[in-house]
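One structure is given here, and the rest of the page talks about it.
What follows is calculated from the coordinates using simple rules that are stated; it is not laboratory data. It should be emphasised that the depicted structure is a prediction, and the values quoted were computed from it without experimental measurement. Using ideal geometry, Cβ is built from the backbone for each residue, glycine included, and neighbour counts are taken over all protein chains shown.
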């Protein structure tokens, strides 16, 4: 029984570590101001055993792509599809983004002129031909990243409140819409909550197995 518990806890721990490493394509910052020329950074992790060789980002019609920062080993191409601008980062060598690695792709875009949220739909291409579509809702397995676009006065007020009172930061975050909270920072989703739950269960099972093992030894 003890050996079985240890095996189970080991399996759960392995799953938890693997799932934790499963990150998302994230575009930061999570908040910007209306009409701004904003420098954004798209972070792309490689989650499979094959390299990532291409990343496609679709911009909403009210977001204008302006400039990009060159990344060694990658080419950049922009094209229009109706009102949507599509930006493609393509690996120019066989390396791409290797398993266990991530890369960041900085670019500048002009924000919408009215308060809204930007849904960053991204498509990640792997060397084996598979495509991961980061286009889902915040609580899905493949969520798109979201940036909240607010008025300059609202952004300044948020910054002022955060500097004045540490506790106000927690209040401000708790009052965020659900979509914003789910993609704030590293993009915490329901899947991440399950990872945390599995990790806790694995720890509890390990403790139980150790206690049972010690009791068995003392009886001998």
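Structure notes:
- FRET efficiency for the pair residue 79 and residue 152, taken as 1/(1 + (r/R0)^6) with r the Cβ-Cβ distance and R0 = 45 Å, rounds to 0.90.
- Residue 110 paired with residue 41, simple spin-label distance in nm, labels 7 Å along Cα-to-beta-carbon: 2.6
- DSSP beta bridge pairing in the stretch 25-152, given as percent antiparallel to the nearest 5: 90
- Relative contact order %, the stretch 25-152, counting alpha carbon pairs below 8 Å whose residues are six or more apart: 36
- Full extension of the chain between residue 102 and residue 34 yields a length gain of 21.5 nm, computed as 0.36 nm times the residue separation minus the alpha carbon distance.
- Surface/4 estimate of mean projected area, convex hull on alpha-carbon atoms of the stretch 25-152, nm²: 7.6
- Spin-label model distance (nm) - residue 137 vs residue 69, 7 Å beyond Cα toward Cβ: 3.5
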